[in-house]
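Below: one structure, written as structure tokens.
Readers should treat all values here as calculations from the given coordinates under stated rules, not as data from a laboratory. Everything numeric in this text was worked out from a predicted model, so none of it was measured. Because the Cβ atoms are built from the backbone with ideal geometry, glycine has one as well, and the counts that use them run over all protein chains shown.
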Amino acid sequence: MIHCRLDELLEQRGMTLTELSREVGVTLANLSVLKNDRARAIRFSTLAAICRVLECEVGDLLVID
Amino acid sequence: MKTAFSTKPSAKVAAKVGLWLLLVTACGVAVAAILRLVSTLGYAFTGVTTVALPGLGYSRTYPSGPSVLGPKVQQVLHGGNIDLVLQGIPGEALVLNTAASVLGQLTTLLVCAAVIMLCWRLLRGVPFASTLTRFISIMGGVLVLIGVVVPILQGFSKLVIVNSLDNVLTVESPIGKGNLEYYIVFSVDLLPVVLGVALLLLAAVFAKGAQLQRDTEGLV
């Protein structure tokens, strides 16, 4: 199962989900779905935008449990 | 879910206003259809019936009036067809005629119901649902069935009515006499069939839309 480490990365950078939503251009609801591992699929564009804002790699964001 | 309405705010507002107008109009038409249905049933009980028949007689050549066809005929209206206003038609013809009229009004009600449901779903932003698709396909099937059944009922009714009139085969008669198949073909109205087929196609499109919606559910 793939786990999204959005919570940990936001905490490390001192950023809130709302701020990330504003920067990335994805709704808060969708980011919340991603954060809680309820997403079934993610667009490459969304992935790239999150990694750009959080200055991390895809492997830092998504890990396999 | 992105739809064609979710672009500019002004377009969204215009679309919502349009949908509300359509929904209110459909409700109004449905109410009118119900009232017309009630009046149809009321007229059935008063015993006065208006029947459209093909002009198979020779009324253009000889003068004719209601008395030629017997005491049941109150009026003969010449237009594209011959409309007879009758009092006291045979019971079986009354039942068949009333059933055909009721089914005809049901066509209007079913189409209004489909429009109301679709508008409501679009206003809520959830147009694709399996229950809606199933309902629309059932409505479409019923409409096609009505389009097939109503001409048969009306054909039988007209044959019974014509057989109950006097002097139908004389030169003074405006209506003449046809056979059952002719009266059925004369009574065919393609509108319910066309609307039914359109609703069935719409149901197929909505089924595909529901499948695409399920595929993109949870997509971030």
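Can you find a residue that is more than 14 Å from chain B (Cβ to nearest Cβ) and part of a helix (DSSP H, G or I) anywhere in region A:28-35?
Restricting attention to region A:28-35, the residues satisfying the condition of being more than 14 Å from chain B (Cβ to nearest Cβ) are none.
So far as region A:28-35 goes, no, none of its residues is more than 14 Å from chain B (Cβ to nearest Cβ) and part of a helix (DSSP H, G or I).
Please verify whether A:VAL53 is closer than 24 Å to B:THR216 by Cα, in contact with a helix residue (DSSP H, G or I) (Cβ under 7 Å, 6 or more places away or on another chain) and aliphatic (A, V, I, L, M), treating the condition exactly as stated.
Values: closer than 24 Å to B:THR216 by Cα: no; in contact with a helix residue (DSSP H, G or I) (Cβ under 7 Å, 6 or more places away or on another chain): yes; aliphatic (A, V, I, L, M): yes.
Against the criterion (closer than 24 Å to B:THR216 by Cα, in contact with a helix residue (DSSP H, G or I) (Cβ under 7 Å, 6 or more places away or on another chain) and aliphatic (A, V, I, L, M)), A:VAL53 does not qualify.
All but one of (1) over 30 Å from A:ASN36 (Cα atoms); (2) in a loop (DSSP other than H, G, I, E, B) hold for B:PRO127, so report the exception by its number.
Status for B:PRO127: all satisfied but (1).
How about region B:180-190: which of its residues are over 17 Å from B:LEU56 (Cα atoms) and either basic (Lys, Arg) or surrounded by fewer than 14 Cβ atoms within 10 Å (Cβ to Cβ) (or both)?
Once the filter is applied, which keeps residues that are over 17 Å from B:LEU56 (Cα atoms) and either basic (Lys, Arg) or surrounded by fewer than 14 Cβ atoms within 10 Å (Cβ to Cβ) (or both), region B:180-190 yields only B:LEU190.
Yes/no per residue for (1) in contact (Cβ under 8 Å) with a residue 40 or more places away in the chain; (2) away from chain B (no Cβ under 12 Å):
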position	(1), (2)
A:MET15	no, yes
A:GLU19	no, yes
A:ARG40	no, no
A:SER45	no, no
A:ASP60	yes, yes
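Name the residue that is farthest from A:ALA41 (Cα to Cα), counting only residues in region B:198-218 that are within 14 Å of chain A (Cβ to nearest Cβ) and surrounded by 14 or more Cβ atoms within 10 Å (Cβ to Cβ). It would help to see each step written out before you state the result.
At the first step, the residues of region B:198-218 found to be within 14 Å of chain A (Cβ to nearest Cβ) are B:212-218.
Those left that are additionally surrounded by 14 or more Cβ atoms within 10 Å (Cβ to Cβ): B:213, B:218.
Numbers: B:GLN213: 13, B:GLY218: 6 Å.
Looking at residues that are within 14 Å of chain A (Cβ to nearest Cβ) and surrounded by 14 or more Cβ atoms within 10 Å (Cβ to Cβ), I get B:GLN213.
Checking the condition over 20 Å from B:LEU191 (Cβ atoms), touching a Leu at 6+ places or on another chain (Cβ under 8 Å) and not polar (S, T, N, Q), which residue from B:LEU118, B:LEU94, B:LEU103, B:LEU122 passes? First the steps, then the outcome.
Details: B:LEU118 fails: over 20 Å from B:LEU191 (Cβ atoms); B:LEU94 fails: touching a Leu at 6+ places or on another chain (Cβ under 8 Å); B:LEU103 fails: over 20 Å from B:LEU191 (Cβ atoms).
Exactly one of B:LEU118, B:LEU94, B:LEU103, B:LEU122 is over 20 Å from B:LEU191 (Cβ atoms), touching a Leu at 6+ places or on another chain (Cβ under 8 Å) and not polar (S, T, N, Q), namely B:LEU122.
Can we say A:ARG52 is out of contact with any His (no Cβ under 8 Å at 6 or more places or on another chain), more than 14 Å from chain B (Cβ to nearest Cβ) and either under 15 Å from B:GLY218 (Cβ atoms) or basic (Lys, Arg) (or both)? So that I can check it myself, show each step before the final result.
Details: out of contact with any His (no Cβ under 8 Å at 6 or more places or on another chain): yes; more than 14 Å from chain B (Cβ to nearest Cβ): yes; either under 15 Å from B:GLY218 (Cβ atoms) or basic (Lys, Arg) (or both): yes.
Answer is yes for this residue.
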